[in-house]
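Q: Provided herewith is a single structure, encoded as structure tokens, for subsequent inquiry.
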Amino acid sequence: MNSLLFFFLENMALIIALMYLALKVKELLVLELKKPSYLLGLSALFISFLTFSVMYNPFNYEGMRLDLREVPLFFVSYVGGWQYGLLSAIIPAIYRAFMGGPTAVIGIFQAILLPVIIGAFFHRKHPKTDIFFPLIDFKRMLIGFLVFELLKSVWMLLNTPVSVPITIAMFFFAVIAVLAMALILNEENRSFLLRKELEVYSNQDSLTRLPNIRFFKNKVEDLLSENTPMLISMIDVDYFKVYNDTHGHQKGDSVLRTLGQLLLESAREEDIVARYGGEEFVICYTNVSKPEEVVFLAERFRKKVEDYKFEGEERQPGGRLTVSMGISFSSENKTMEQIIEQADQALYESKRRGKNRVTIYEAS
């Protein structure tokens, strides 16, 4: 009996160690792989390998091959659904059939197919955003696993030479193993999601949800280091203080959020937009062959703001809420701060010339 307990303890330790290692590898892969199906396929392949590893050196008891193979198969079926459970079960089922023995067929049904079926039955679909980093509902998972273990234990006691003490030992270690897998998964996923959330907030403006100036400058510096031609435009809301004084800061914040959304809608995929601060925004245009293209894009955004019906804009000077813009070009001898400063000077010129216009920086 002592050797049996030690064997199941080894099985449990192997499951926990490989599970932890796999989750660390997943964090790296999810950042590299472009197609989600690749990672999901690799997850099923890993569970197959984990199950095979558990089965490779079983505890032999009166012709039976005892191990904790059901734990990873139930777990992947509970987390991912029947498709991933069946995919993960193919290699273990083939291996068990190849090894043969008087209980080969019943072993496949009891410890390979049954955990997939029960795990999939208790599976609950996760939101698309959580498909790679789901958080386990312990109560639901444990109920499902206890249902499986009860069915399997009764089946084994009625149809195999296994004894009650062995069945209890298998049940005890299997429950600990599946709980350990869930604990590790939740801990690693929470940690990863928290890091990603902190990363997002550190690079995001809390009011408009646009990237902040820190993120913008890092991206522009990368482009400059690669000698990528670009143009930077500074954007300022005309008479924004008047609007805030008239309607209050809450309505002013709503205007800034709307402007951020309009700017995103007007920008191309390769452009970098950000909130500069206060009522100012900034955008970096790349992959532009002619300056006229940027002028067209800037004018399109200016006109979009001019035509948008903002709440209470009729009380603004001129009866509309508008923006002014200034544009500066990059060159070999310009730093990022110089480009932004020149775009700001061009913006000041737009303000001086009557606002609601686009001005390109000229050295003279």
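The values are calculated or read from the model by the stated rules, or taken from the named source; none is laboratory data. This structure is a prediction, so every number in the text was calculated from the model and none was measured. Cβ sites come from the backbone with ideal geometry, for glycine too, and all protein chains shown count toward neighbours. To get the accessible areas, we keep the full protein, side chains included, count just its heavy atoms, and leave off ligands, DNA and RNA. Shrake-Rupley method; radii C 1.70, N 1.55, O 1.52, S 1.80 Å.
Q: How many residues are more than 31 Å from the chain's Cα centre (by Cα), free of Cβ contacts under 8 Å to residues at least 60 places away in the same chain and open to solvent by less than 50 Å² (accessible area, probe 1.4 Å) when one looks only at region 167-185?
A: So the answer is 1.
Q: Follow-up. Can you find a residue in region 141-150 that is among the charged types (D, E, K, R) and surrounded by 13 or more Cβ atoms within 10 Å (Cβ to Cβ)?
A: yes
Q: Hey, another quick one. Which members of region 80-107 meet the condition of being of a type outside the set (Lys, Arg), open to solvent by less than 30 Å² (accessible area, probe 1.4 Å) and within 39 Å of the chain's Cα centre (by Cα)? Write out each step before concluding.
A: Let us first name the residues in region 80-107 that are of a type outside the set (Lys, Arg), namely 80-95, 97-107.
Those still in the list that are open to solvent by less than 30 Å² (accessible area, probe 1.4 Å) too: 80-81, 85, 88-89, 92-93, 100, 103-104, 107.
If the condition is that a residue be of a type outside the set (Lys, Arg), open to solvent by less than 30 Å² (accessible area, probe 1.4 Å) and within 39 Å of the chain's Cα centre (by Cα), then GLY80, GLY81, GLY85, SER88, ALA89, PRO92, ALA93, GLY107 are the ones that fit.
Q: Looking only at residues in region 319-348 that are part of a helix (DSSP H, G or I) and touching a residue at least 40 places away in the same chain (Cβ under 8 Å), which one is nearest to the chain's Cα centre (by Cα)? Talk me through it step by step, then tell me what you get.
A: Step one: filter region 319-348 for residues part of a helix (DSSP H, G or I), giving 319, 336-348.
After this cut, where a residue has to be touching a residue at least 40 places away in the same chain (Cβ under 8 Å) as well, the list is 336, 339-340, 343-344, 346-347.
Details: MET336: 31, ILE339: 34, ILE340: 33, ALA343: 35, ASP344: 36, ALA346: 39, LEU347: 38 Å.
Taking the candidates together, the pick is MET336.
Q: Can you go through LEU73, LEU68 and tell me which one is within 17 Å of VAL178 (Cα to Cα), more than 29 Å from the chain's Cα centre (by Cα) and open to solvent by less than 20 Å² (accessible area, probe 1.4 Å)?
A: When all the criteria are applied, what remains is LEU68.
Q: Could you list, in sequence order, the residues of region 289-318 that are more than 16 Å from ILE235 (Cα to Cα) and assigned to a helix (DSSP H, G or I)?
A: Scanning region 289-318 gives PRO291, GLU292, GLU293, ASP307, GLU313, GLU314, ARG315, PRO317, GLY318.
Q: Using the structure shown, decide if MET156 is surrounded by 15 or more Cβ atoms within 10 Å (Cβ to Cβ), over 25 Å from ILE184 (Cβ atoms), at pLDDT below 90 and out of contact with any Phe, Trp or Tyr (no Cβ under 9 Å at 6 or more places or on another chain).
A: Numbers: surrounded by 15 or more Cβ atoms within 10 Å (Cβ to Cβ): yes; over 25 Å from ILE184 (Cβ atoms): yes; at pLDDT below 90: no; out of contact with any Phe, Trp or Tyr (no Cβ under 9 Å at 6 or more places or on another chain): yes.
Considered against the rule, which asks whether it is surrounded by 15 or more Cβ atoms within 10 Å (Cβ to Cβ), over 25 Å from ILE184 (Cβ atoms), at pLDDT below 90 and out of contact with any Phe, Trp or Tyr (no Cβ under 9 Å at 6 or more places or on another chain), MET156 comes out as no.
Q: So which residues in region 193-212 are surrounded by 18 or more Cβ atoms within 10 Å (Cβ to Cβ) and not hydroxyl-bearing (Ser, Thr, Tyr)?
A: Residues satisfying the conditions are ASP205, LEU210, PRO211, ASN212.
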